[in-house]
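Take this structure, written in structure tokens, and hold onto it; I'll ask about it next.
The values are calculated or read from the model by the stated rules, or taken from the named source; none is laboratory data. What you are looking at is a predicted structure, and each value in this text was computed from that prediction instead of being measured. Here Cβ is always computed from backbone atoms with ideal geometry, including for glycine, and neighbour counts include all displayed protein chains.
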């Protein structure tokens, strides 16, 4: 849940102090905020003397950041690029060809996107079925809901939304759209709620909306691409910090860091362990860091946040 301090965007970056602790910003250090959002993390990094390269795919968010006088006061210490964070390698090659000292990935939808009905992310305020973080992309939530097959819908609802009634929801959507396509968020939310039922802690359509959003924006694929680029971009001693809000995201991050922090690989068919050619990081967090009660009291959306961090080892090529 990307939040921050730019323009009209919100002012509560999640796990801010924890992210700063592991990124260890300071004079002479360059950090990539690869999911800029409202730039709350970025502003804090700049205040501590770091140079920051911001990446943001949402042109509305980027426009707010670029007009933020607090950020612009830092001059050349801050620059921003419109791109998907999956394109981090190209951005860093252009802006910091010698590598960087930190990479921050704060995943998921921003509070501004979620709370702006016209963007189509909200299941509580009516809006068009859009859900694109980058309006220039072709795939929308309406396309997914109205054209994908029942089996594919059930699959994403199960895999990305962890919706227990994924097949029943997919069946209901396909049956309803045969007579009238879905165009509005509340229409879809009502259909899903009719299958899932009400009474839980969250809105009954939350998991389905999450799955559609993650599909439209290729969120897991983008995360994997950004992680694979990180070892090539970080200088020795550089830090990778990832804040996730979804169990699938956290699994990808956990597996990546585990794979790249093992000095040796051992398999049953081998007579002895072998050196790991991907041994490039030292784990800084043995288990995920979560928000503490004071933060949760002021920002309930931080409840699902998990932070993991690792440090780039010396040696190896970028």
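State which residue is nearest to the chain's Cα centre (by Cα) when the search covers only segment 238-270 and only residues that are part of a loop (DSSP other than H, G, I, E, B) and without any contact (Cβ under 8 Å) to a residue 40 or more places away in the chain. I'd like the intermediate steps shown before the answer.
Of segment 238-270, the ones part of a loop (DSSP other than H, G, I, E, B) are 245-246, 261-263, 266-270.
From the residues that got through so far, the ones that are without any contact (Cβ under 8 Å) to a residue 40 or more places away in the chain too are 262-263, 266-270.
On the way: 262: 25, 263: 28, 266: 32, 267: 33, 268: 36, 269: 38, 270: 38 Å.
For segment 238-270, the residue satisfying everything is 262.
More than 15 Å from residue 218 (Cα to Cα) and modelled with pLDDT of 95 or more, is that true of residue 54?
yes
Also, I was wondering about something else. Just one of (1) touching a helix residue (DSSP H, G or I) at 6+ places or on another chain (Cβ under 7 Å); (2) closer than 26 Å to residue 41 by Cα trips up residue 101, so point out which.
So the condition that residue 101 fails would be (1).
Right, something else. Which of the helices (runs of 4 or more DSSP H) found entirely inside segment 34-137 contain at least 2 residues meeting this: within 24 Å of residue 17 (Cα to Cα)?
40-47, 59-66, 69-72, 111-115
Hey, another quick one. Does residue 273 qualify as being surrounded by fewer than 16 Cβ atoms within 10 Å (Cβ to Cβ), assigned by TED's automatic domain parsing to the domain that holds residue 36 and on the phi < 0 side of the Ramachandran plot?
Yes, satisfied.
Exactly one of these conditions fails for residue 58: (1) over 14 Å from the mean Cα position of the chain (by Cα); (2) over 16 Å from residue 241 (Cα atoms). Give me its number.
(1)
Still on this structure, please answer the following. Answer with yes or no whether residue 29 is surrounded by fewer than 24 Cβ atoms within 10 Å (Cβ to Cβ) and touching a helix residue (DSSP H, G or I) at 6+ places or on another chain (Cβ under 8 Å).
Spelling it out, it is not the case that residue 29 is surrounded by fewer than 24 Cβ atoms within 10 Å (Cβ to Cβ) and touching a helix residue (DSSP H, G or I) at 6+ places or on another chain (Cβ under 8 Å).
Of all the residues that make up segment 154-165, how many are more than 22 Å from residue 126 (Cβ to Cβ), under 22 Å from the mean Cα position of the chain (by Cα) and part of a helix (DSSP H, G or I)?
4
Another question, then. Here's a check for you: in segment 190-212, which residue that is modelled with pLDDT of 90 or more and closer than 12 Å to residue 164 by Cβ is surrounded by the fewest Cβ atoms within 10 Å (Cβ to Cβ)?
195
A further question on this structure: Would you pick out the residues in segment 280-317 that are touching a strand residue (DSSP E or B) at 6+ places or on another chain (Cβ under 8 Å), crowded, with 17+ Cβ neighbours inside 10 Å and over 18 Å from residue 20 (Cα atoms)?
280, 281, 313, listed by residue number.
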